Amino acid sequence: MDREWNDNQPIYRQLRDRVVAMILDGVLKEGDPLPSVRNVAAEYRVNPLTVLKGYQELVDEGLVETRRGRGMFINVGARDLLLKGERQKFLAEEWPRLYATIQRLGLKPEELLRSGANGNASPAPNHAAPTNATPDSPNLTSSNESKKEER
């Protein structure tokens, strides 16, 4: 997990989002334990109550379960549940904006597929390639932060 915090969102929410990204990326799998509240608090220099609040959101969402005396563990089906929610969110919030941009730029499906297949935009004649063809999802902070650093 990245140790930088941004001011746009509470730290507990950023912690929650980082765990979600780790689940989606396969870093944390079903049955895996979450790092202890004390360890996370010490390592990232935040209040243990902040970490607990972030973890509690994961419990409330059914992604994590608490095992008394043992810690918190990723629930079976957590990744599938997250994927379903992220897909719905993408289709409802991000896709309409992307689709409008695609239409505005006159991009063709072949260009988009070719761009995605080789990892960079190769414009067709008389078409400008977008500088940011793939938007960053706000819920995938750990994997997207490295993409931002590459740019």
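We did not get these values from a lab; they are worked out from the coordinates using the rules stated. Just so it is clear, the structure is predicted and the values come from calculations on it, not from any experiment. Neighbour counts run over all protein chains shown; Cβ positions are idealised from the backbone, glycine included.
Around the amide H of VAL64, modelled in the peptide plane, lie the amide H atoms of VAL59, ASN75, all under 5 Å away and 5 or more residues distant in sequence or on another chain. For segment 102-111, putting each phi into the Karplus relation 6.51 cos²θ - 1.76 cosθ + 1.60 with θ = phi - 60° gives couplings of 4, 5, 4, 8, x, 6, 9, x, 4, 5 Hz, in residue order, rounded to whole numbers and with x for Gly and Pro.
For segment 45-55, backbone phi angles converted through the Karplus equation (6.51, -1.76, 1.60; θ = phi - 60°) give residue-by-residue couplings of 6, 10, 5, x, 5, 5, 4, 4, 5, x, 5 Hz, Gly and Pro being listed as x. Farthest toward the dipole's positive end in segment 14-101, which of VAL46, LEU63, ILE74, given Cβ charges of +1 (Lys, Arg) and -1 (Asp, Glu) about the Cα centre? The listed residue farthest towards the positive side: VAL46.
Could you size up the charge dipole of segment 11-74 around its Cα centre, putting +1 on the beta carbon of Lys and Arg and -1 on that of Asp and Glu, and report it in debye to the nearest 20?
With only Lys, Arg, Asp and Glu charged at Cβ, the dipole is about 300 debye.
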